[in-house]
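Coordinate-derived values only; no laboratory data. Predicted, not measured: the structure shown is a model, and the values here were computed from it. Cβ coordinates were reconstructed from backbone atoms using ideal geometry, including for glycine residues, and neighbour counts include every protein chain displayed.
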Amino acid sequence: MKGIPGRPDLMIVPTLDGDQEVIQTIAGVLFVCEACCCGNGITFPKIDKAHYLREARRRGIAGQVDIVFTADDGGGCLGNCALGNNAFLYLFGRGLWFQRLNAKEDIDELYDYVEESVRLGQPAPIAGDLARRVYTKVQGEQVPVAAT
């Protein structure tokens, strides 16, 4: 893979058939758990997909960060059901797990962080209540220090 001079948003990717394709790179992907427990409206509050999508468009981050609802793509559960509603954000090469995204205000706080990171072009400091929602799932993960 190689970049295109003057276009950091584009990447040349070799295909399996020996050709090349130009793809547009993004800042990250947000995986929102919606499976057995998360978002089912019984164990944890129902996922407000419309709010996730509307806010991403309104804030101008929809083209920068893909949003994947696990039930839609057949991917299923992200795990750690006791911490639901869960989400995993892969942003600028760093993965972050978030717990208890159960209300619109929680989603808005997550999007404040994503929006600021996209504006900076790198992960922003994590502050406020959002910092308390970050957790470690994978052995060896480093949870970033919250902003002071």
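Remarks
- Output for the range 14-53, where each listed residue is assigned to a strand (DSSP E or B) and surrounded by 13 or more Cβ atoms within 10 Å (Cβ to Cβ): Gly28, Val29, Leu30, Phe31, Val32, Gly39, Lys46
- Any pair with Cβ under 8 angstrom, 6 or more apart, that starts in the range 1-20 at a residue that is touching a residue at least 40 places away in the same chain (Cβ under 8 Å) and at positive phi and ends at one that is surrounded by 10 or more Cβ atoms within 10 Å (Cβ to Cβ) and part of a loop (DSSP other than H, G, I, E, B): none
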